[in-house]
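The values are calculated or read from the model by the stated rules, or taken from the named source; none is laboratory data. Here the structure is a predicted model, which is why all the values come from computation and not from measurement. Neighbour counts are summed over all protein chains in view; Cβ atoms, including those assigned to glycine, are modelled from backbone coordinates with ideal geometry.
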Amino acid sequence: MAFNTAEAADQLLGEGDIPPVHEVNAEGTSPFLLTSDHYGRILPRALGDLGISESELSRHIGWDIGIAGVAERMANMLNAHLIAQRYSRLVIDCNRPPGVASSIPVMSETTAIPRNEGISESERAARRREIFDPYHHRIGAVIDSRLRDERPTVLVSLHSFTPHYAGVARPWHIGALYNRDTVLPKLLLQHLRSEGDLVVGDNEPYAASDLTDYTIPVHGEARGLLNTGIEIRQDLIADQSGQQRWAERLARIFAAIEMELKPGLLAR
Ligand SMILES: [Zn+2]
């Protein structure tokens, strides 16, 4: 393969590849800044099919099924800025610290990713430089600019999770994921529970942490923003009507939360 030469390995995205960062409502007036690390599942042309089948790529290991449709709708309903990443998490996971094993996985759940095995440092660096960095630099720049303009900014990181993992069924419909924020996740959990028809995960199906996450610790916690992660079960948002229902529900809840947050907190 051409990737054996240093010059070729220096570049990942080329002609015919689209930029990694996708944005909706960049001028949105909502305090909520929405992010979607696992929004898309496209592959750079240079990586072929990563050595896996289309059916594997379209499973949850390739992206967060259904979240794109929820995120787009929420951005429009709330008039909120959404920043999303279009390439598959199997190319580089935008919610992992670069360098950890799951950043560029050679195995995801039980599926081997042959094209990720034994890659050079230079290819690793290219994936970071051309996909991970532009996405996170954009989020960082948007937060900088909002804070400079003294615009209230609350980070909401949107994800979806597989109904079964390693053979175990997951009962939750939705979960709030957090680590250090003691304000927003608590409010969100209260609202979700008072819906009455939901099995709500409190840091389930997993908790946010510095080692297993990137967006919340780096853009939420380190910047001192109110923040939460949200995980929606994928079978509930697999089609457009599910995405619409969940976006409506969450937009209604976040509109209520905005009213409840003290102005002092919103202005952080
Ligand atoms: Zn995700």
Could you identify the single residue in Ile143, Ile67 that is within 16 Å of the ligand (Cβ to nearest atom) and not aromatic (Phe, Trp, Tyr)?
Ile67
Which condition does Ala251 not pass, out of (1) modelled with pLDDT under 95; (2) surrounded by 20 or more Cβ atoms within 10 Å (Cβ to Cβ), if it passes all the others?
(1)
Condition check for Val91: out of contact with any Phe, Trp or Tyr (no Cβ under 6 Å at 6 or more places or on another chain), over 20 Å from Leu226 (Cα atoms) and away from the ligand (no atom under 16 Å from the Cβ)
no
I'd like to verify a number: residues in segment 117-131 that are touching a Ser or Thr at 6+ places or on another chain (Cβ under 9 Å) and within 20 Å of His60 (Cβ to Cβ), how many?
0
Given the conditions (1) more than 11 Å from the ligand (Cβ to nearest atom); (2) in a loop (DSSP other than H, G, I, E, B); (3) at pLDDT 95 or above; (4) not aromatic (Phe, Trp, Tyr), which single one is not true for Arg59?
(3)
Residues of segment 46-56 being in contact (Cβ under 8 Å) with a residue 24 or more places away in the chain and either within 14 Å of the ligand (Cβ to nearest atom) or closer than 21 Å to Arg233 by Cβ (or both), which ones?
Glu56
